[in-house]
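The structure under discussion appears below in the form of structure tokens.
The values are calculated or read from the model by the stated rules, or taken from the named source; none is laboratory data. Computed from a predicted structure; not experimentally measured. Every residue, glycine as well, gets a Cβ built from its backbone with ideal geometry; the counts of neighbours run over all protein chains shown. Calculation scope for accessible area: heavy atoms of the full protein, side chains included, ligands and nucleic acids excluded. Shrake-Rupley method; radii C 1.70, N 1.55, O 1.52, S 1.80 Å.
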Amino acid sequence: METRSESDLIREVPTDLFVGGTWQPAASGDVLPVDDPSTGAVLAEVADASPADGMRALDAAVDAQPAWAATPPRERAEILRRAFDLIMERIDDLALVLTLEMGKPLAESRAEISYGAEFLRWYSEEAVRINGRYTIAPAGGGRILTMKEPVGPCLFITPWNFPLAMGTRKVGPALAAGCTMVVKPARQTPLSMLLFARILEECGLPPGVCNVITTRDSGGVMEPLIRDGRARKLSFTGSTPVGRRLAEQAAAQMLRVSMELGGNAPFVVFADADIEAAVDGAMIAKMRNMGESCVAANRFLVQEPVAADFADRLAARMGDLTVGRGTDDGVDVGPLIDAPAREFVHDLVTDAGTRGARVLTGGQPPAGAGWFYPPTVLCDVTRDARIVDEEIFGPVAPVITFEDEADAVSQANATPFGLIAYIYTRDIGRALRVTERLDVGMVGLNRGIVSNPAAPFGGVKQSGLGKEGGPEGLEEYLTTKYVGIDV
Ligand code: SIN
């Protein structure tokens, strides 16, 4: 196969707004630079939409809604399935673009693309199985008919950490349900979403069904669309403070909302666990995506008798990882997304150190270009350290001890977040007891990853509302109409 250079490939990525089925620059002609986080150099410039550009995208989605809702489910399914196939055919190019704009190593980009594409295949299979029901009313005098209908035009705001998969996780079920949409990817990583929009276009998606706008002014462009009232659903993946603000805006027009927000995942290791398996799981739960994930293990809660052993083994494995540009062979850990992200992570490490934590590996950002941070393990972390309460979003593993099951549950739940928890134990009774007592939306039981397109991803408490993936993810895009019938 012909190998193209990085710059040739980047030149092929569309950089305009995709509105009403046409590619068009921002009306102002303004552009937004996209940086390579491993060098800080500008990779590409994409259109920088204004609120008026955003409103044109919403107009297009609203105009396309009735025809898309009336499109036979099989046709919707086949477009989704073709998009899955095309993404998988182009996985090498898509992975390279994703790595260049986001930083993660190529192997992880490929994993994200397979994961992201799978949402399209899974929902292509669901699109033809959207059912209502017909029952006899309990008193016998009437009939109950329920119909599932698309919610209507949707607004999607997607994050930079999984530039493709967090888009397909929303777009897949929405298209299956018969909804149109305006998608606004993160300003740091718009290229993967623009490539995905082009794939949808090639697969025959009608004009206006999926519109993509890129902008440096997310709030300024999206707030008027949320407040407009014609969009009926808002789905956001990102931080809790931003999610809260968006949900307030959406409340004015009673938009349906799905919010995938921050996390502070406890990774709980009991003394009876298989410690090597727990370290394997910890490597995934911590190091997938360089720790830049809302499901990344944030606090390693380890029972006292095995804490030192676990921390040493984890430090040895983390210290062996190779940090570098995600495109280079043998690299395990790419850069963080930008300078503020790296500064935030380092501040957390420094704060923990001033309160008595010991650095077992890592702990110092390297000199030179790019926003690299070394895999870091901290032990003797005190409970007043900021790193215990704040979402790290980086490759840092603080190890904190606990005494017994009650202490583990109490520490695990001592956070306003409730996205996911990981539990390692060989005692099935304990596994179930602890699972039931944790205030989270997801649990990884003796495994360090739970993400799966067929499963409901989502949190409780300040981690959000709603589910993405699985049948639950499709329900987020459907409303139920009830018809009472006299017979
Ligand atoms: C996220 O970090 O936002 C999602 C990660 C996943 O889907 O696994």
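A few comments on the model shown:
- Filtering region 195-216 to residues that are acidic (Asp, Glu) and in contact with a Leu (Cβ under 9 Å, 6 or more places away or on another chain) leaves only Glu202.
- Given (1) open to solvent by 10 Å² or more (accessible area, probe 1.4 Å); (2) in a helix (DSSP H, G or I); (3) within 16 Å of the ligand (Cβ to nearest atom), index of the condition Trp160 fails: (2)
- Among the residues of region 458-478, some residue qualifies, meaning at least one is in a helix (DSSP H, G or I), within 13 Å of the ligand (Cβ to nearest atom) and within 24 Å of Glu248 (Cα to Cα).
- Answer residue from region 276-293, given it is open to solvent by 20 Å² or more (accessible area, probe 1.4 Å) and touching a residue at least 60 places away in the same chain (Cβ under 8 Å) and is farthest from the chain's Cα centre (by Cα) among those: Ala277
- Verdict on Ala278 being assigned to a helix (DSSP H, G or I), at pLDDT 95 or above and closer than 23 Å to Ala165 by Cβ: no
- Checking each residue in region 222-240 for being in a loop (DSSP other than H, G, I, E, B) and surrounded by 24 or more Cβ atoms within 10 Å (Cβ to Cβ) picks out only Ala231.
- Residue list for region 84-105, filter: open to solvent by 10 Å² or more (accessible area, probe 1.4 Å), of a type outside the set (Lys, Arg) and over 25 Å from Leu336 (Cα atoms): Phe84, Asp85, Leu86, Met88, Glu89
- Criterion violated by Gly172 - all others in (1) in a helix (DSSP H, G or I); (2) open to solvent by 10 Å² or more (accessible area, probe 1.4 Å); (3) not hydrophobic (A, V, I, L, M, F, W, C) satisfied: (2)
- Residue tally, condition hydrophobic (A, V, I, L, M, F, W, C), away from the ligand (no atom under 12 Å from the Cβ) and part of a loop (DSSP other than H, G, I, E, B), over region 437-457: 3
- Residue that is surrounded by 24 or more Cβ atoms within 10 Å (Cβ to Cβ) and either more than 16 Å from the ligand (Cβ to nearest atom) or not in a strand (DSSP E or B) (or both), where the choices are Gly263, Gly219, Gly204: Gly263
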